[in-house]
Structures are given as C-alpha cells and as structure tokens.
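The values are calculated or read from the model by the stated rules, or taken from the named source; none is laboratory data. Note that the structure is a prediction, hence the values are computed from the model and not measured. Glycine gets a Cβ as well: all are built from the backbone with ideal geometry, and neighbour counts include every protein chain shown. Just so you know, the surface numbers come from the protein's heavy atoms only, side chains and all, with ligands and any DNA or RNA stripped out. Shrake-Rupley method; radii C 1.70, N 1.55, O 1.52, S 1.80 Å.
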Amino acid sequence: MIDRARFLHAAGYAVLLIDFQAAGESPGKAITFGLREANDVKTSLRYIHQQLPGERVGIIGTSMGGAATVLAEPDVQADAVVLEQVYPTIKQATEDRLAIHMGPMGRWLAPVLLTTLHAHLDISPDQLRPIDQIGRCRCPN
C-alpha cells in the first residue's frame with residue numbers, strides 16, 4: 001500500500017495507512033469482512049481531519065478496505081476515493097473463493113460456511129453487501 005499512499009500524497013492528498021481491527025498488528029477479536037472495519041475507517045478519517053485540518057484527504061480501499069469504506073457511508077468525508085477489488089456480496093465472494101480452492105464443489109459449501117457468520121461474529125450475510133451501498137457514496141470516486 002506504500003506505493004498507493006505515495007501516489008495520493010504526490011497528488012496533494014493527506015494519507016494515513018491503517019491496520020483494521022484484528023488484522024495486521026492491530027488488536028481485535030475477529031475480522032468482520034468490512035462491517036466493523038467500517039468503524040475503523042470512520043475513526044481514521046476523524047483522526048486525520050483533526051490532525052490536518054483543511055487538508056484534502058484521499059482513500060484507496062482495496063478488497064476488505066474498499067468494502068469497509070463503502071459500508072462506512074454516509075460518514076466518509078474524503079476528497080478522493082479509489083475502490084479496488086471490492087466484493088459485491090459476501091455470498092459471492094465466499095462462493096468464488098471456495099471455487100478457486102476447491103473447484104465447483106466449493107460453491108456448494110459456501111452456504112454452510114456463511115451460516116456460521118452469525119454464530120461466530122453475530123453478523124448476517126445481508127449486512128455484507130457493499131453492492132447495495134455503493135450508490136449511496138457521496139464522496140468522489
């Protein structure tokens with residue numbers, strides 16, 4: 001992500017690289033595929049605006065970072081947003097990932113795996129549908 005941050009900085013945007021909860025070196029109980037990570041996006045944006053008032057802020061969200069950015073709407077206050085490789089729904093992402101690793105049978109196992117989201121993370125697959133939120137993005141893309 002360093003090269004992406006340099007790209008935004010060279011274009012005149014303030015940039016802050018973050019670790020999501022339970023990812024990288026940040027503490028947390030579990031990765032939630034963008035749902036609770038959306039709070040990390042909001043908190044990070046508040047922080048950078050406090051530290052650098054009046055600066056233009058840019059976001060590049062890749063994969064879960066992009067999903068978290070979309071799911072954080074309408075609270076994303078950025079002057080530039082680039083979204084890369086954002087899954088449309090967790091159902092489709094799970095089916096695709098399992099098919100890559102297990103072949104066609106993987107798609108059959110996806111519903112079983114998705115039923116564990118509620119038990120393990122107290123979230124529903126219906127909460128992980130960035131495609132439903134993308135049209136609500138108020139920030140430039």
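With a Förster radius of 22 Å, plug the Cβ-Cβ distance of ILE2 and ASP79 into 1/(1 + (r/R0)^6) and report the FRET value to the nearest 0.05.
0.60
Just the accessible area per residue of the chain, please: how many Å² with a 1.4 Å probe?
Heavy-atom SASA per residue in the chain reads 61 Å².
If I compute solvent accessible area with a 1.4 Å probe over the protein chains, what percent of it on the chain is carbon and sulfur?
Percent of accessible area from carbon and sulfur atoms in the chain: 56.
What order do ILE131, ILE59, ILE18 take when sorted by accessible area (1.4 Å probe), most exposed first?
Putting ILE131, ILE59, ILE18 in descending order of accessible area: ILE131, ILE18, ILE59.
Ordering LYS42, LYS91 by accessible area with a probe of 1.4 Å, largest first, what comes out?
LYS91, LYS42
Report, in cubic angstrom per residue, the convex hull volume of the C-alpha atoms of segment 1-124.
Cα-based convex hull of segment 1-124, divided per residue, equals 117 Å³.
Any chance you could look up the accessible area of VAL112 with a 1.4 Å probe, heavy atoms only, rounded to 10 Å²?
That residue has around 90 Å² of solvent-accessible surface.
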